[in-house]
Amino acid sequence: QVQLVESGGGLVQPGGSLRLSCAVSRSILNINRLGWYRAAPGKQRDLVATITKGGSTNYKDSVKGRFTISREHAKNTVYLQMSSLKPEDTAVYYCNALDSGYTYWGQGTQVTVSS
């Protein structure tokens, strides 16, 4: 069983930055994949960025060069650093973990990009 708790969302102006954090309830060393998804208003949840146990990363095309996923093993935490934010990045952001055939989700954190 894995619990995920996101934090760091909020209101930011276009062009600004935010860092999301996802605290994981146990060691992340052997979790197969950690990631961030988002659900914009009226749209389905889709993948933003992932990082595998081996450290390989993958990004949605529209966030490449602006978002960076990283992890800190000592804190069992995965991060999403978001820069050059655009209004279309507005969404609820969810942390995700794939482990031993199971999928886990956090409760989500709202990110709103608006002037």
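The values are calculated or read from the model by the stated rules, or taken from the named source; none is laboratory data. Since the structure is predicted, the reported quantities are computational estimates derived from the model, not experimental observations. Using ideal geometry, Cβ is built from the backbone for each residue, glycine included, and neighbour counts are taken over all protein chains shown. In case anyone asks, the SASA skips ligands and DNA or RNA and just uses the protein heavy atoms, side chains included. Shrake-Rupley method; radii C 1.70, N 1.55, O 1.52, S 1.80 Å.
List of remarks:
- Within segment 77-115, the set of residues being in contact with a helix residue (DSSP H, G or I) (Cβ under 8 Å, 6 or more places away or on another chain) and in a helix (DSSP H, G or I) comprises E88, D89.
- Within segment 17-76, the residues that satisfy the criterion of being assigned to a helix (DSSP H, G or I), open to solvent by 20 Å² or more (accessible area, probe 1.4 Å) and not small (G, A, S) are D61, H73, K75.
- Residue list for segment 96-112, restricted to those being surrounded by 21 or more Cβ atoms within 10 Å (Cβ to Cβ) and either under 17 Å from L29 (Cβ atoms) or over 12 Å from the mean Cα position of the chain (by Cα) (or both): A97
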